[in-house]
Amino acid sequence: ASPANSLCQNGSFIAACRYKMSDTKEDPIELSNTIIPVIDLSDGDESAVIEKIATACMKTGAFQVINHGIPASLINDFQRQHRSFFELPHFPSKSLLYRYARNARGYLDHDFTKQLRDWKECLDIGIPGSRDWDLDDDDERNSCLDGFNRFPSESELPGFRSTMVKYFGAVEDLSHRVSELMVKGVEVDTNNSCGVESVDGTGASLLSMLKEDHASYMRINHYPPRPESAEEDEAATMGVEKSKYYGIHPHSDSGWLTLLLQDPECLTHEVAKPNKDPVWKDWVPVHPAPHSFTIMIGDMAMLWSNKKYVSAWHRVLSHPIKHRYSTLFFYNPGYNSIISPCKQLNDADGAKYMPCAYGYFRAVKYAGDLADLGREIFVTDYEVGSESKHPKRQARFLQNADMSQPFNVQNYRSWIQKRSEND
């Protein structure tokens, strides 16, 4: 191992640990494009595009797309509004938009990943419960498990809401287009209801569920430079994996796929190379191609594909001097969806996962984002043979929860937390 790697593994912190990529001497852009391939969606040979996407989903769960059809003018307008939001004063502007225990949407600067606080601030915007952006954001018809959207006023930030909504619609359509190619990549009929049903027992094809009932949301991020004291503070954490100043701690996303608009000026987003070691991973900084989006496969796609596809393990480092701005669009199953391995994709050993109710999975994830309410939830909790109690708690949750009403951490606590040694 290199000296930097050895020091990391011994639990000591040096700056080189944060930017460790691998021991290879390869050109970083070439390495990035090898591990996170760039796929041209305008290629007239759809079968070739499908094969490239499927291969990427099976290897690292991450790839980039270019010629995706979203106009550069819209992206530029969106990025301008994005930065304008984070230039607003914290008080009173952003502080009035804080998300809270009964509303998962809005502003936050105290987010948690795997119960570790991230070094960032962000604004979450989700599909309205009514699916109608023309309604007032606080209209009762917009109620859903994630609550209500919270935007700055038009007088304070002219054009912000309308630009966010227009961009949301564009990446929503692109996410569905990529999802269709992913399904074709494992040779499943796009009209097949395999692996998807509603909590009321009715079935629907995966793609129709995603298109008509997805519970997606968008997160605009700002990662400030880390404090000058970070190195000293991190040295005391005994291991880079528990650093206080990750932009986002290492994790995979819980939904179907994530569409990421990167900051080309600050390359601190990294994807893990395939590695059997669950702790000491080899990380590759993603070098975004011009006018590209990075796609990362989520846990529900891995579960549905019976692990044919793998969810992308990734992280964001904090930078010592640069600000980073990025936007994530989480294309998620509907709150009432139950995702199971598609039987058509079972191997000789059968299904690798038990059914997962996405509303429960999302609710527990959100509770863990807000604070430490006990052990977090992972897709591994649904592996066949797992001793996790989450499937049992999931059944209890589904008996009591109303997915059309905002999630309330305190009210739902008894349904998602451990009650006894046998729970």
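The values are calculated or read from the model by the stated rules, or taken from the named source; none is laboratory data. As the structure is a computational prediction, the values presented were derived from the model and not from experiment. Note that we place each Cβ from the backbone using ideal geometry, even for glycine, and neighbour counts take in every protein chain shown. Heads up: the accessible areas ignore ligands, DNA and RNA and are worked out on the full protein's heavy atoms, side chains in. Shrake-Rupley method; radii C 1.70, N 1.55, O 1.52, S 1.80 Å.
Between the range 120-197 and the range 293-346, how far is it from one alpha carbon centroid to the other, in angstrom?
The distance from the Cα centre of the range 120-197 to that of the range 293-346 comes to 16 Å.
For Met354, Met300, give me the order by solvent-accessible area with a 1.4 Å probe, most accessible first, ignoring ligands, DNA and RNA.
Met354, Met300
When the Karplus curve 6.51 cos²θ - 1.76 cosθ + 1.60 is applied with θ = phi - 60°, which whole-Hz ³J(HN,Hα) does each residue of the range 160-166 get, with x for Gly and Pro?
5, 4, 5, 5, 4, 5, 5
For the range 124-135, what does the Karplus curve 6.51 cos²θ - 1.76 cosθ + 1.60, with θ = phi - 60°, yield as ³J(HN,Hα) per residue in whole Hz, taken in order and with x for Gly and Pro?
Residue by residue, the range 124-135 yields 9, 10, x, 4, x, x, 7, 6, 10, 6, 6, 6 Hz.
With θ taken as phi - 60° and the coefficients 6.51, -1.76 and 1.60, list the Karplus ³J(HN,Hα) couplings across the range 340-356 in order, rounded to whole Hz; mark glycine and proline as x.
With the stated coefficients, the range 340-356 comes to 10, x, 5, 4, 4, 9, 5, 9, 4, 8, x, 6, 8, 9, 8, x, 10 Hz.
Report the local net charge at Asp45: Lys and Arg +1, Asp and Glu -1, summed over other residues whose C-beta lies under 12 Å from its C-beta.
Combined, the nearby Lys, Arg, Asp and Glu give -3.
Order Trp133, Trp313, Trp256 by their accessible area, 1.4 angstrom probe, all chains in place, largest first.
On the way: Trp133 40, Trp313 75, Trp256 5 Å².
Greatest to least solvent exposure: Trp313, Trp133, Trp256.
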